[in-house]
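Undergrad: Below is a structure I'd like to ask you about.
Where a number appears in this text, it was derived from the coordinates with a stated rule and is not lab data. Source: prediction; values computed, not measured. So basically every Cβ, Gly included, is an ideal-geometry build from the backbone, and we count neighbours across all protein chains shown.
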Amino acid sequence: MSVPGLGDDWYESSGVWAGPRRLLREELYSGRLFFPPHLVPYWDHPLVSALPQHSKDALLARHLFQYLEFTSHFETRVVNRATEQIAGGHSGVDAARSVRLQAYRIYCDEAYHSLYSLDAVDQIATACGTAPLPYDFQPFLRRLDAAGEQLMPGQPGLAQLLQVVVFETLITALLNDIPRDGRVLSLVRDIVRDHAKDEGRHHVFFSRFFGELWTRQDTSVRVRAARCLPELIRRSLLPYLEPLRRSLVAAGLTGTQAQEVLDDSYPDDRVDAGIRDTARHSLRLFEDNRVLDVPGARDAFAAARLVD
C-alpha cells in the first residue's frame, strides 16, 4: 500500500519542529476571553446568565480546560492507538515503508498536540486561579469502543483504524472559528491554529489511507464496517456531558439545575444537525469510496440521521 501524504517537508513544516512553545501573554486582565462564548451551547441559558460574573468567568475557563483535556486524551488514546498500528506494521494492511514513516510523523504530531494542550491548561490555570476539574475520559472511550465491539466483534484493530479515519476526516467549527476570534487569549488561538494546520495534512493522509484500506476488505467485512461507521461518527461527536454537568455544579448550580441547562442546551435535533454538519467531509469520503452502496449501509447511515 502506498499513500501519498506527509512528505519530507514535515521536518520543516510540522508544529513539533517548526512551532515555538506558545506562552500566555499579559492578557488575562485586558478583557480577553478564555473561549468564544458563542461556541458554548449553554452560555446564554437563563440559569447560567444569572450566575455572578466571577462564576461565569470560571465556567468559561473550565470549558476551555475540558476542550483541551479531551483533545489531549483523544489524540493519545484513540488517534495514536490506531496510528501506531500503521506505523508499527501490524495494522493488517501491507503498508509500504513510506506509509509507515508518514504514520510515525502523525504519531509525533498527535503527541505534541496533547503536550501543548495540557501545557496551555497548566499555564492558564496557574495564572487565573481556576483549577481544572478532574477529567475522566474513560466513559467516552468505552462508548466509542463499544460500537466496534458490538458491530465488528473479533476485529478490534480494524474498528480502531475506522475510528481514526472518522475522526481525522471530520471538520470541526472549533478549529476554524477559535483562531479567528480576536477576543480570545492569544495562547488559545495560537495552539488551535497550530493544531488545525497539522490536521489538514492528517486529513489528506487518512482519506487516502481509507481508500486503500477499504478496497482490501472482503465483502463480509465491508458489510460490518459499513454498518459500524455511522455509529463511530455519532459516538465520536455526541456531546460528552458529564464534565459539563460537574462544571455547572462547581459554578453554583444545583444538580437539578445543571441537568436542566444541559437538557435545554443540547436538544436532540440540534445535536443531530451538528453531527451531520461536522461529519460532512467524512460522509463525502465514504460516498466517494462507495461505502453506502454496500447492502444495508445506506439504511444504517439513515438510521443514524446522517443521510436522508
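Undergrad: Not counting the cut sites, what is the longest span of the chain without trypsin sites (Lys or Arg not before Pro) that DSSP labels loop and that have at most 14 other Cβ atoms within 10 Å?
TA: On the way: sites that count: 21, 25, 183, 216, 290.
Result for the longest clean stretch: 26-182.
Undergrad: Right, here's the next one. Can you give the translational diffusion coefficient of region 91-178 in µm²/s, computed by Stokes-Einstein from the Kirkwood radius over Cα pairs at 4 °C and 1.567 mPa s?
TA: Numbers: Rh = 16.2 Å.
Rounded, D is 80 µm²/s.
Undergrad: If you take the square roots of the eigenvalues of the alpha-carbon gyration tensor of region 159-308 and sort them as a ≥ b ≥ c, do you get rounded (a/c under 1.5), prolate (a/b over b/c) or oblate?
TA: oblate
Undergrad: Hey, fewest Cβ within 10 Å first, where do 128, 108, 228 land in order? All intermediate terms of the calculation are to be shown ahead of the outcome.
TA: Details: 128 16, 108 19, 228 23.
The most exposed by this proxy come first: 128, 108, 228.
Undergrad: Convex hull volume of the Cα atoms in region 160-199, per residue, in Å³?
TA: Details: hull volume 2.5 nm³, N = 40.
Measuring per residue, one finds 62 Å³ for the Cα hull of region 160-199.
Undergrad: Please provide three numbers in whole Å: the alpha-carbon extents of region 27-177 along the principal axes, with the largest listed first.
TA: 57, 32, 26
Undergrad: Tilt of helix 255-265 relative to the longest C-alpha principal axis of the chain, in degrees (0 to 90, nearest 10)?
TA: Its long axis makes an angle of about 60 degrees.
Undergrad: Are there chymotrypsin sites (Phe, Trp or Tyr not before Pro) in region 7-95 that DSSP marks as loop and that have at most 13 other Cβ atoms within 10 Å, and which are they? Don't jump to the answer; show the numbers that get you there.
TA: Values: sites: 10, 11, 17, 29, 34, 42, 43, 65, 67, 70, 74; in loops: 29, 34, 42, 43.
Sparse-neighbourhood loop chymotrypsin sites (Phe, Trp or Tyr not before Pro): 29.
Undergrad: Given 10 Å bins starting at zero, what is the percent of C-alpha pairs of region 63-137 in each, up to the one with the largest pair distance?
TA: Bin by bin from 0 Å, the calculated values are 20, 39, 23, 14, 4, 0.
Undergrad: In square nanometres, what is one fourth of the surface area of the convex hull spanned by the alpha carbons of region 221-308?
TA: On the way: hull surface 25.5 nm².
One quarter of the hull surface, i.e. the mean projection, equals 6.4 nm².
Undergrad: Let me understand the chain better: what is its radius of gyration from the alpha carbons, and its Dmax, in angstrom?
TA: Cα radius of gyration and Dmax of the chain are 20.0, 60 Å respectively.
Undergrad: Would you calculate, for the chain, the mean residue ellipticity at 222 nm contributed by helices, counting each DSSP H stretch of 4 or more residues as -39,500 (n - 2.57) and dividing by all residues, to the nearest 500?
TA: Working: 16 runs with 202 residues, N = 308.
Value at 222 nm, helices only: -20500 deg cm²/dmol.
Undergrad: Right, here's the next one. If I fit a long axis through the Cα atoms of helix 219-237 and take the longest principal axis of the Cα atoms of the chain, what angle between them do I get, 0 to 90°, rounded to 10?
TA: Once rounded, one gets 10 degrees.
Undergrad: Normalised by the number of residues in the chain, what is the relative contact order in percent for Cα pairs under 8 Å and 6+ residues apart? The partial results should precede the final answer.
TA: Values: 341 pairs, mean separation 81.1, N = 308.
It rounds to 26 percent for the chain.
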